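The values are calculated or read from the model by the stated rules, or taken from the named source; none is laboratory data. Please read all numbers here as calculations on a predicted model, not as lab measurements. When we count neighbours, we look across all protein chains shown, and the Cβ atoms used for this are built from the backbone with ideal geometry, even at glycine.
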């Protein structure tokens, strides 16, 4: 079990090739993939605490009693030339801002 | 294990007494607790798909590769009289709108 | 039957406590015969469009502004002004609860009626129109009473702990408008005040009063009245009922003012003056009716009682006794000098008001007559303050000694 | 004139068929002097537009008897408020009295009384259908009042005049009955209730009696009893007096603040003092400072308040006036004088002539020296302590008692010639003026210094400066650093608040801001529900949380439990101004929010 990370929700970078995106494109170009990661417990509200308590009365319901560290805005596009020398543009691939929501 | 419900992310109601909120208040008043529940897979982006793929390269990071069904706005306040006849007001206890974020 | 009942309401209310000296004031529906009396905003607009009326109206207002009103009213010009106004819709105009420009209407009413009565009357005529059957507030109260009685606001002997006030809080919490408005007044009344406020000042009373007024104006009485008039069987319920208006901020104060001083400050504000007159008119115990309420009209009494909440003369339950509850103002008659009798009489209209008590109990136990635990008062002709309800003449009969 | 109405209003009911000339009711006026004769008149708001029923009634100018000018007919009832459907209508009359004959009685004079006649749309019931009670007594309770010290005389007509013509063969007479003697009797011929002598309110302010109505109907004699009480109105016929001491010794020392209250002298008065209306002159005592010294006049005021009491005045309402000496300005700490200040009380409305009461305040103002008497301070500080750790307090003599005296504290280096290096040691300690009292709070101001071995013992001079006159006092302060300086612990730890930690283990291992030992301290709650003793992680449990955000804690997020203004999530009760007064389970705080929640919440992992 990985040592639990306690950094707060923030925007992180990862360099990957187009192929490693596993979106089906074959490409060796490296792109910067930005994603959100970290803890959100400091952003909880009374809602979250209550939901955690009443959760046991909501069997079967898919509920989320903690704020999620998620993108609050995305980068417009990323374009590249694949290995068949065709250009592609992918929308909203990378996060540009993160937040606990 | 209860069968997972597949309804989309939506606002649901639950009547609970103040004590059942388990926020520490002792109160018999019933309040309406509104929460968000349901699936968000239909709201995924390229970001989510990519993040799911590259997840294995991000050991130990606390990441969330699916949109969360979370409140997008909260009700102002809920006030009540507790069992010691003291008034309390709880901020942002109930959701007023839900969304996949 | 209903219309007749209402019709008589109009006149009896005027009859009972109307203290204006001149005759036509009591012409009931006003000098226009059967038409509902014009509201005082409209009446003063019409007067202002008539040169003769507007000049006299202006003169009379100037007559009243003077320090010594009594001598001013004796002067010829003021007399002439009064004369003209007595034949004008202004003279009989009334206001409607919750109408648009309600405050302006009340201000106009008092600016006229202050000229017609010399010194302060113990009971003043209410500026509000008596209640009409189509008045929504009234209708919603009927449904409130009926729903209260059907939804188990009554403590039916089911053995389970029954707390109608708690049920009322639940009903309110489950209604968006009621929940929001209730939270607004609780926050306003319970707010420890911003740091700039003196720490020992418990709350901002003015803000609290305004929020309470808004609550009862904006929330359907079907939700607001059960919070105030729930019928309790135990002290827990009764204490919750007492706490409804957050008395620590809206009612209690460090010192108790003199009740006549409280009445004076109320009567210096047109809204408070109107609501107090309305309470006196609709809740004044009378021996003429079975329920001791004028025309057995509980609703009128409850409406006018609620109308006082959030004003200088905010009434409240004095303790958590559930069966024999009593209602009072936050004032005392100490320091009344020679006016102690009048002060006691003013306070008695709250503390020993059988009409108000019966109305509250009727609300709590539902409107079926059979249920209403009536507090009887001696039957007698309509009268002005104070009505003695407890002392009875003792009669001893001895055969005469034949001379 | 001394004339007055013994009733605030009159009311009676009249039937159709009330005969012309028959009496309706009698109005009375009480006299002050034998020579006074009231002249009674009916009056109308607007004489030229009097209601048409005005002509139905006549008022006898001398006796105040109102009688019928005409017999009331059926259409008379219909002519009043024609649109009313009521079975009774109220006729409002007003009566006035004048001290002489008047041509045109205006209702706008001061002495008017309201008369309400309830006109019933029916003829009077026949004699045998009238209850004796209705024959004897009025419908409405009557509570007459008389003013004390006035002449005897009639105040109320006991006969039910409007019914007197209905049972002509009955003989109705009245009497007064009371448990103890009362100064009231009945005039048998006129059935008027009389007061037989002047009464003294200070002896008794209400008389309770029974009105006895004897009805002889030929076969039977019936007696009916009706309780009645007569209130005695007060007038200012008693001078103020001192019961006990009229002198107060006042010592002004540590409290020099404007508004400070000293002493309390009571003056008694057997008369009532009406609070309402505010400008009512009755029994209001005026007070004057008897001194030519303008300094005294500017520096002090005398506050007056009064309250009504009964028990000490023999269960009759009287007044206790209270006089307190109040500082009108902040008083200099150098002021040093003794003097007597007299305060003269006059009872202007007292009718017994010029009776004054003199109060005496023996005032002693002591100077307040700003000094440290035989005191120097030594404090030990651990090298492990973190920034803003509290070291201790310094206090000029009596500083805890000071009010209205502002003292600031600074630290100075004793030996100015020490090396620059050594001088840099002295930044280790800071001082701030406490907000709770006038002491100085010492705290760690620079933790870098703690590393340096040469900064072992620091000798300071504490300089206390009184802000108004810049008077100063100095004393020695020695700060000794002890313990080892744990080098490795300072590697990567940013200065955070202990309050962020929500578990004992994390807390006691953490070097948070303001920790004198270098370690945060855990407080474990044993209470259920929301309690002031909530579990929390604190830099120094002696002062945090203590419900007070002190001068050091305010510098940074040292003690959010006492100082936070941020949102508090979970069951809590906010402090009066800021902070967490009570919380549920464990309370912990981040930069934007604080949380109070159950201790056993497992940190939910992302699913």
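A single member of D:182, D:186, D:113 is away from chain C (no Cβ under 14 Å), buried (at least 16 other Cβ atoms within 10 Å of the Cβ) and within 39 Å of the chain's Cα centre (by Cα), and it is D:182.
With respect to the conditions (1) away from chain C (no Cβ under 14 Å); (2) on the phi > 0 side of the Ramachandran plot; (3) in contact (Cβ under 8 Å) with a residue 40 or more places away in the chain, residue D:165 lacks only one, and its number is (2).
Looking across segment B:77-95, just one residue is crowded, with 18+ Cβ neighbours inside 10 Å, outside any strand (DSSP E or B) and more than 8 Å from chain A (Cβ to nearest Cβ), and that is B:82.
Using the structure shown, decide if residue C:208 is more than 22 Å from residue C:302 (Cα to Cα), assigned to a helix (DSSP H, G or I) and at pLDDT 90 or above. Even if it seems obvious, please write down each step before you answer.
Working: more than 22 Å from residue C:302 (Cα to Cα): no; assigned to a helix (DSSP H, G or I): yes; at pLDDT 90 or above: yes.
Spelling it out, it is not the case that residue C:208 is more than 22 Å from residue C:302 (Cα to Cα), assigned to a helix (DSSP H, G or I) and at pLDDT 90 or above.
One residue is enough: does segment D:488-508 have a residue meeting the conditions away from chain B (no Cβ under 14 Å), more than 27 Å from residue D:398 (Cα to Cα), crowded, with 21+ Cβ neighbours inside 10 Å and over 53 Å from the mean Cα position of the chain (by Cα)? The answer is no, given that none of the residues of segment D:488-508 is away from chain B (no Cβ under 14 Å), more than 27 Å from residue D:398 (Cα to Cα), crowded, with 21+ Cβ neighbours inside 10 Å and over 53 Å from the mean Cα position of the chain (by Cα). Taking into account only those residues within segment B:56-70 that are at pLDDT below 85 and either assigned to a helix (DSSP H, G or I) or farther than 28 Å from residue A:20 by Cβ (or both), which is farthest from the chain's Cα centre (by Cα)? Of everything passing the filter in segment B:56-70, B:57 is farthest from the chain's Cα centre (by Cα).
Just name the residue that is modelled with the lowest pLDDT out of those in segment D:80-95 that are within 11 Å of chain C (Cβ to nearest Cβ) and under 42 Å from the mean Cα position of the chain (by Cα).
Within segment D:80-95, the subset within 11 Å of chain C (Cβ to nearest Cβ) is D:80-94.
Now drop any that are not under 42 Å from the mean Cα position of the chain (by Cα), which leaves D:90, D:92-94.
Numbers: D:90: 84, D:92: 87, D:93: 90, D:94: 89.
Looking at residues that are within 11 Å of chain C (Cβ to nearest Cβ) and under 42 Å from the mean Cα position of the chain (by Cα), I get D:90.
Is it the case that residue D:292 is surrounded by fewer than 19 Cβ atoms within 10 Å (Cβ to Cβ), within 24 Å of the chain's Cα centre (by Cα) and away from chain C (no Cβ under 14 Å)? Judged against the criteria, residue D:292 is not a match.
For residue A:98, the conditions (1) more than 8 Å from every other protein chain (Cβ to nearest Cβ); (2) within 30 Å of residue D:594 (Cβ to Cβ); (3) at pLDDT 90 or above; (4) in a loop (DSSP other than H, G, I, E, B) are fulfilled apart from (4). As a summary of the residue check, residue C:172 satisfies the conditions (1) at pLDDT 95 or above; (2) touching a strand residue (DSSP E or B) at 6+ places or on another chain (Cβ under 9 Å) except for the one numbered (2).
Can residue C:363 be described as assigned to a helix (DSSP H, G or I), at pLDDT 95 or above and buried (at least 20 other Cβ atoms within 10 Å of the Cβ)? Outline the logic, then answer.
Details: assigned to a helix (DSSP H, G or I): yes; at pLDDT 95 or above: no; buried (at least 20 other Cβ atoms within 10 Å of the Cβ): yes.
Answer is no for this residue.
Could you say whether any residue in segment B:46-54 is surrounded by fewer than 15 Cβ atoms within 10 Å (Cβ to Cβ) and either part of a loop (DSSP other than H, G, I, E, B) or touching a strand residue (DSSP E or B) at 6+ places or on another chain (Cβ under 8 Å) (or both)? The answer is no, given that none of the residues of segment B:46-54 is surrounded by fewer than 15 Cβ atoms within 10 Å (Cβ to Cβ) and either part of a loop (DSSP other than H, G, I, E, B) or touching a strand residue (DSSP E or B) at 6+ places or on another chain (Cβ under 8 Å) (or both). The set of residues in segment D:501-534 being in contact with a strand residue (DSSP E or B) (Cβ under 6 Å, 6 or more places away or on another chain) and either in a helix (DSSP H, G or I) or closer than 14 Å to residue D:562 by Cα (or both) consists of D:504, D:507, D:508, D:532, D:534. If we scan segment A:21-41, do we find a residue that is touching a helix residue (DSSP H, G or I) at 6+ places or on another chain (Cβ under 7 Å), part of a helix (DSSP H, G or I) and under 21 Å from residue B:66 (Cα atoms)? So far as segment A:21-41 goes, yes, one or more of its residues are touching a helix residue (DSSP H, G or I) at 6+ places or on another chain (Cβ under 7 Å), part of a helix (DSSP H, G or I) and under 21 Å from residue B:66 (Cα atoms). A residue that is at the interface with chain C (Cβ under 8 Å from one of its Cβ atoms), in contact with a helix residue (DSSP H, G or I) (Cβ under 8 Å, 6 or more places away or on another chain), surrounded by fewer than 21 Cβ atoms within 10 Å (Cβ to Cβ) and part of a helix (DSSP H, G or I) can be found somewhere in segment D:52-73.
State which residue is surrounded by the most Cβ atoms within 10 Å (Cβ to Cβ) when the search covers only segment C:258-281 and only residues that are farther than 20 Å from residue C:125 by Cβ and touching a strand residue (DSSP E or B) at 6+ places or on another chain (Cβ under 8 Å). Within segment C:258-281, the match that is surrounded by the most Cβ atoms within 10 Å (Cβ to Cβ) is C:259.
Conditions (1) at pLDDT below 80; (2) closer than 26 Å to residue C:301 by Cβ, marked per residue:
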{"site": "C:49", "(1), (2)": "no, no"}
{"site": "C:64", "(1), (2)": "yes, no"}
{"site": "C:73", "(1), (2)": "yes, no"}
{"site": "C:85", "(1), (2)": "yes, no"}
{"site": "C:123", "(1), (2)": "no, yes"}
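Put simply, of A:73, A:19 the only residue that is over 30 Å from residue B:15 (Cα atoms), surrounded by fewer than 18 Cβ atoms within 10 Å (Cβ to Cβ) and over 18 Å from the mean Cα position of the chain (by Cα) is A:19.
Looking at segment C:228-247, which of its residues are surrounded by 24 or more Cβ atoms within 10 Å (Cβ to Cβ) and in a helix (DSSP H, G or I)? Result: C:229, C:240, C:241. Entry remark, segment D:391-443: residues being surrounded by 14 or more Cβ atoms within 10 Å (Cβ to Cβ), under 37 Å from the mean Cα position of the chain (by Cα) and in a helix (DSSP H, G or I) number 1 in total.
Test residue D:276 against the stated conditions and say whether it is in contact with a helix residue (DSSP H, G or I) (Cβ under 6 Å, 6 or more places away or on another chain), without any contact (Cβ under 8 Å) to a residue 24 or more places away in the chain and either surrounded by 17 or more Cβ atoms within 10 Å (Cβ to Cβ) or within 14 Å of chain C (Cβ to nearest Cβ) (or both).
Values: in contact with a helix residue (DSSP H, G or I) (Cβ under 6 Å, 6 or more places away or on another chain): yes; without any contact (Cβ under 8 Å) to a residue 24 or more places away in the chain: yes; either surrounded by 17 or more Cβ atoms within 10 Å (Cβ to Cβ) or within 14 Å of chain C (Cβ to nearest Cβ) (or both): yes.
The answer is yes for residue D:276.
Return yes when residue D:197 is away from every other protein chain (no Cβ under 14 Å), under 28 Å from residue D:62 (Cα atoms), outside any strand (DSSP E or B) and touching a residue at least 40 places away in the same chain (Cβ under 8 Å) and no when it is not. Taking the combined requirement at face value, the residue satisfies it.
Quick one: would you say residue C:287 is modelled with pLDDT under 90 and surrounded by fewer than 22 Cβ atoms within 10 Å (Cβ to Cβ)? When the stated conditions are applied, residue C:287 passes them. Go through segment A:24-62 and report how many residues are under 17 Å from residue D:593 (Cα atoms) and more than 9 Å from chain B (Cβ to nearest Cβ). Residues meeting the conditions: 5.
Taking the residues in segment C:306-345 that are part of a helix (DSSP H, G or I) and under 13 Å from the mean Cα position of the chain (by Cα) as candidates, determine which candidate is farthest from residue C:263 (Cα to Cα). Can you show your working first?
Within segment C:306-345, the subset part of a helix (DSSP H, G or I) is C:306-308, C:337-345.
Still in the running and under 13 Å from the mean Cα position of the chain (by Cα): C:306-308.
Numbers: C:306: 17, C:307: 15, C:308: 12 Å.
Selected residue: C:306.
In this structure, residue D:262 does not qualify as in contact with a helix residue (DSSP H, G or I) (Cβ under 6 Å, 6 or more places away or on another chain) and either surrounded by fewer than 16 Cβ atoms within 10 Å (Cβ to Cβ) or at pLDDT 95 or above (or both).
Just checking: which of the strands (runs of 3 or more DSSP E) contained wholly in segment D:1-47 hold 2 or more residues that are more than 20 Å from residue D:153 (Cα to Cα) and touching a helix residue (DSSP H, G or I) at 6+ places or on another chain (Cβ under 9 Å)?
Working: elements: D:9-16, D:23-26, D:39-43.
Strands (runs of 3 or more DSSP E) meeting the threshold: D:9-16, D:23-26.
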